[in-house]
Every structure is written in C-alpha cells, then in structure tokens.
C-alpha cells in the first residue's frame with residue numbers, strides 16, 4: 001500500500017456491519033437505560049435517606065439535648081454524610097452540563113475541567129470527610145463499650161475499622177481511575 | 001417529522017459509518033465497536049429533542065460519536081480496557097485474507113496517532129467532508145487541512161513500514 005488512496009481502497013472494501021439490532025432495538029435500549037438511571041437514583045437516594053434517618057433516630061432517641069460523646073460522634077458522622085451527599089449532587093449536576101454534542105475539543109476541555117475539579121475534591125475534601133467521619137465513629141466507641149456486650153463491641157470495632165480500610169481502598173481505586181482519565185484528556189490537542 | 005422517524009433516518013444513513021469509525025478507533029475490536037455504537041445511538045435518541053439545528057444533524061451525530069468513543073474505554077469497566085489491549089493477532093494465522101491483514105496494519109497505525117488525529121483520519125476514511133470534520137472537531141478548516149496532510153503522510157509511512 002503505497003499511497004493514501006490505497007489505504008482508502010482497503011478501508012472502502014470493508015463489509016457492512018452485520019448487526020441484529022435495528023433502530024427500534026436502540027430506542028428500547030435507550031428507554032431501558034433511562035429507567036435504570038431513574039431506578040439507581042431512587043435506590044441511592046433511598047439508601048442514603050434511610051441511613052440518615054437511622055442516625056437522626058438514634059440522635060433523638062439517645063437525647064438530642066445532651067451534649068455528650070454520643071451526640072458529638074453521631075453529629076460529626078451525620079454532618080460528614082450530608083457533606084458527601086451534597087458534593088455528589090453538585091458533581092452529578094456539573095457532569096450533566098457537559099453536552100455530548102459539543103465539538104470534540106470543547107468536550108475534552110470541559111471533561112478536563114470537570115475532572116480537575118473532582119481531583120481537588122479527592123485530594124482535599126475527601127480525606128478530610130472520610131477521616132472526620134471515622135473520628136466521629138471513634139468518639140462513639142466508649143459509648144458502645146458501655147452499652148454493648150464485649151463480644152458485640154469487639155464486632156463493631158473490628159468491622160468498623162475493616163470497613164474504614166476496605167472502603168478507603170475502594171475510594172482510592174475510583175480516584176486513580178479518574179486521574180488516569182484526566183491525564184489522558186490532557187493529551188488532547 | 002416525529003422523533004422516531006428522524007431517529008430511523010439517522011440510523012439508516014449513519015449506522016454503518018459510525019460502527020466502522022468505532023471499529024477503527026478500537027483497533028478492529030468488533031465487540032467494543034458494537035457496544036460503543038449502541039451507546040452512541042442511545043445518546044442520539046436521548047438528546048434528539050434538544051437538537052436545535054445549530055449545525056447539520058449529521059455533524060451533531062458525529063460529535064456524539066467521537067465524544068463517546070473518546071471516553072468509552074476509560075469510563076467503562078476494566079474488563080473492557082483489558083479487552084481493548086488484546087489486539088487480534090491475525091498475522092500469525094495461516095491463509096489470512098490479504099485485505100484483512102492490510103486492514104489490521106491500518107488499525108495498528110491509526111493507534112499510533114494522537115487522539116484527535118485518530119478521529120480526524122477515521123472521519124476522512126468514512127468520506128466525511130472537511131468542513132463537517134472541522135465542525136465536529138472544533139478547529140478551523142485551514143488548521144484541519146494542515147493536520148490532515150501530516151496525518152495522511154504519517155499513516156501511509158507507518159503502513160509501508162509495516163509491510164517491510
């Protein structure tokens with residue numbers, strides 16, 4: 001193949017894709033996709049709301065008016081949870097504003113902006129929120145020790161810190177993936 | 001014209017081109033190309049009502065196509081990322097069709113271009129007009145022509161080197 005025209009000829013000789021999907025199949029998949037997104041949102045909001053309500057329930061049950069280790073620890077956890085939720089809502093809204101029908105370079109630039117913003121959150125706010133959340137949990141431990149059996153208390157401590165490490169690793173892997181994407185986008189010109 | 005009729009028209013006119021563009025971007029991987037094509041046409045359907053005729057509808061569709069391909073591998077699961085790195089090694093198979101082998105070399109040489117270059121050359125190969133490509137990519141036609149000259153030269157040289 002000596003010239004570009006030769007390459008063009010080779011390209012043109014490709015057979016048309018054999019596909020068992022019609023336009024209607026794509027429409028059905030699009031509608032399914034929208035339903036899945038809606039359902040995911042409902043589940044996510046539902047789970048976070050239930051977690052938050054449980055924490056509020058504990059707060060009220062134990063005695064909201066007493067400032068003690070329990071109210072402090074629980075209050076810290078609730079505040080960090082709310083902060084995390086707020087950040088994710090803002091994130092989702094920012095991402096939705098990136099239109100897939102922009103020009104290629106505009107799209108890449110907007111994504112780069114978005115992931116740079118996410119990088120600042122990951123490196124500054126996420127560690128603060130995560131560690132503060134677990135400080136809140138740690139403040140609760142003496143209260144748990146006083147009110148739980150030693151076996152159950154041990155379970156709470158071990159599972160709590162195992163979750164701290166495990167979930168932390170999970171969050172780190174997600175962050176690394178976003179940074180990889182950001183580094184790729186920086187190569188666009 | 002109703003949404004479904006417009007979508008059907010877009011599908012009939014552009015599905016094959018979009019698939020080949022994706023296939024070229026994903027180094028000949030048909031499974032990835034099919035998944036990406038599906039995602040592209042899902043986005044086309046979802047965004048069709050928001051299309052405001054600021055550009056040609058085919059320009060609008062190809063913008064969605066190139067933008068989707070750009071981040072498809074990196075946003076999808078690691079399984080798909082691994083799959084894209086395992087290129088179909090057909091050279092070692094006996095009795096391989098010559099045209100298939102030439103196409104494989106083209107795919108590999110296209111991968112050596114930068115991301116914008118890849119998209120540009122794939123659109124050139126699919127016969128999209130220069131003005132449309134400049135509107136899809138977001139550069140002036142003059143800049144595009146300069147880049148195309150360089151890309152064609154690099155690609156041709158690369159394929160020739162592969163033939164040695």
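Just a few scattered comments:
- Per the conditions (1) farther than 23 Å from residue B:67 by Cβ; (2) in contact with a helix residue (DSSP H, G or I) (Cβ under 8 Å, 6 or more places away or on another chain), the sole criterion not satisfied by residue B:101 is (2).
- Hey, residue A:108 without any contact (Cβ under 8 Å) to a residue 12 or more places away in the chain and part of a helix (DSSP H, G or I) or not: no
- Looking at the stretch A:3-99, the helices (runs of 4 or more DSSP H) lying wholly inside it that each contain 3 or more residues that are surrounded by 14 or more Cβ atoms within 10 Å (Cβ to Cβ) and within 10 Å of chain B (Cβ to nearest Cβ) sit at A:4-12, A:23-63.
- Contact map, the stretch A:1-14: first residue farther than 17 Å from residue B:100 by Cβ, second residue surrounded by 15 or more Cβ atoms within 10 Å (Cβ to Cβ) and at pLDDT 90 or above, Cβ cut-off under 8 Å, separation 6 or more or different chains; pairs are A:2/B:156; A:3/B:156; A:4/B:152; A:4/B:155; A:4/B:156.
The values are calculated or read from the model by the stated rules, or taken from the named source; none is laboratory data. This one's a predicted model, so the numbers in the text were calculated from it and none came from an experiment. Methodologically, a virtual Cβ is constructed for each residue, glycine included, from the backbone with ideal geometry; neighbour enumeration extends over all protein chains shown.
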